[in-house]
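Below is one structure, written out as structure tokens, with a few remarks after it.
The values are calculated or read from the model by the stated rules, or taken from the named source; none is laboratory data. What you see is a predicted model; the values in this text were computed from it and never measured. Cβ: placed from backbone, ideal geometry, glycine included. Neighbour counts: every protein chain shown.
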Amino acid sequence: MRKGTIFILLLFAALLLSSCGLMEGEPFIEPVPQADIERFSNNRAIVNLRHYPALSAQPAFSHFAIFYRIYVSNIPEFSPSPATFNAINPTLHSNYNTIRPFIDSDSLFGANMHDQFRRLGFWYLALEGNANINAILNNAIGNIVEFNFPSGENPFIRIGPGNIYDTAGNITNVHTLWRSNDGGRFTPVPENRFFRNTDDLRNPEHIIPQRNADVANIAGERQYTYAAMFIVAVGMNSSTFATVHSTPSLIHVFQLPD
């Protein structure tokens, strides 16, 4: 067999392995199963990490990443689901349909989810004060992460064993959610970066790459905003130092409080 033919066959085999998921020798990063996420109405979700492998059992694992995008809408939706995504915002519907084949997939693991989400206009979730979200979420392994978008308050996450309140009736281990600014590359409006439904957030004049790059607009009336969030586990190939991703899971589509 000629050398050129052999090279083409080897190249084809490598591409085939890549398209089916992990390249040979790449570590497998455990996803958060979609079944381990519970959603409540339009303002709360629980990510159950009680059964997620300990860090010692998954040496290639590095951290969790949460991707989000905000969508302007003209309807209130009490229970967002794939059946209502198009009514909320057609771009939300389109984005979800692009990501949906990866969720709980047995063949698409290992895909570069950073590139997938960034192409769709998603950004990395942050925490108020630039708290170390990677360390905080890693400390949640063995517990739950509760996402809460309460009416009239700044949305937050809480890490804990299950009960949101301590013995004194206080909410404990809480971190307020922040929108991304991509390391200062764009300036979100309002400047406080909270996930709140405001006139400035919905204003088309601000939905530009330099300001609200994390917002998807809609034609017509603009009264409401929603945030779609997905969780992905991230790791590293110790041989090539390449980043490896798990498949994603949808946390929820939250309606932002006024």
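Table: residues versus (1) of a type outside the set (Phe, Trp, Tyr); (2) under 17 Å from Thr91 (Cβ atoms).
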site	(1), (2)
Phe186	no, no
Phe195	no, no
Asp200	yes, no
Met229	yes, yes
Asn237	yes, no
Ser249	yes, no
Next on the checklist: Suppose we filter Ile159, Ile231 for residues that are of a type in the set (A, V, I, L, M), closer than 23 Å to Arg50 by Cα, touching a His at 6+ places or on another chain (Cβ under 9 Å) and surrounded by 12 or more Cβ atoms within 10 Å (Cβ to Cβ); which single one remains?
Outcome noted: Ile159
Checklist outcome for this item: Exactly one of Thr176, Thr172, Thr167 is hydroxyl-bearing (Ser, Thr, Tyr), at pLDDT 95 or above and farther than 24 Å from Arg100 by Cα, and that one is Thr176
Checklist entry - So which residues in the range 49-75 are over 17 Å from His93 (Cβ atoms) and not hydrophobic (A, V, I, L, M, F, W, C)? => result Arg50, His51, Tyr52, Pro53, Ser56, Gln58, Pro59, Ser62, His63
Checklist outcome for this item: Residues of the range 103-145 being under 14 Å from the mean Cα position of the chain (by Cα) and under 13 Å from Val47 (Cβ atoms), in sequence order, are Leu125, Leu137, Val145
Item to check | Given (1) more than 19 Å from Ala233 (Cα to Cα); (2) at pLDDT 95 or above; (3) of a type in the set (Phe, Trp, Tyr), index of the condition Phe102 fails | outcome: (1)
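How about the range 76-96: which of its residues are surrounded by fewer than 18 Cβ atoms within 10 Å (Cβ to Cβ) and not in a loop (DSSP other than H, G, I, E, B)?
Asn86, Ala87, Pro90, His93, Ser94, listed by residue number.
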Next on the checklist: Can you tell me how many residues within the range 97-140 are crowded, with 17+ Cβ neighbours inside 10 Å and either in a helix (DSSP H, G or I) or in contact with a Leu (Cβ under 8 Å, 6 or more places away or on another chain) (or both)?
Outcome noted: 13
Next on the checklist: Could you check the range 63-75 and list, in sequence order, the residues that are surrounded by fewer than 19 Cβ atoms within 10 Å (Cβ to Cβ) and either of a type in the set (A, V, I, L, M, F, W, C) or within 16 Å of the chain's Cα centre (by Cα) (or both)?
Outcome noted: His63, Ile75
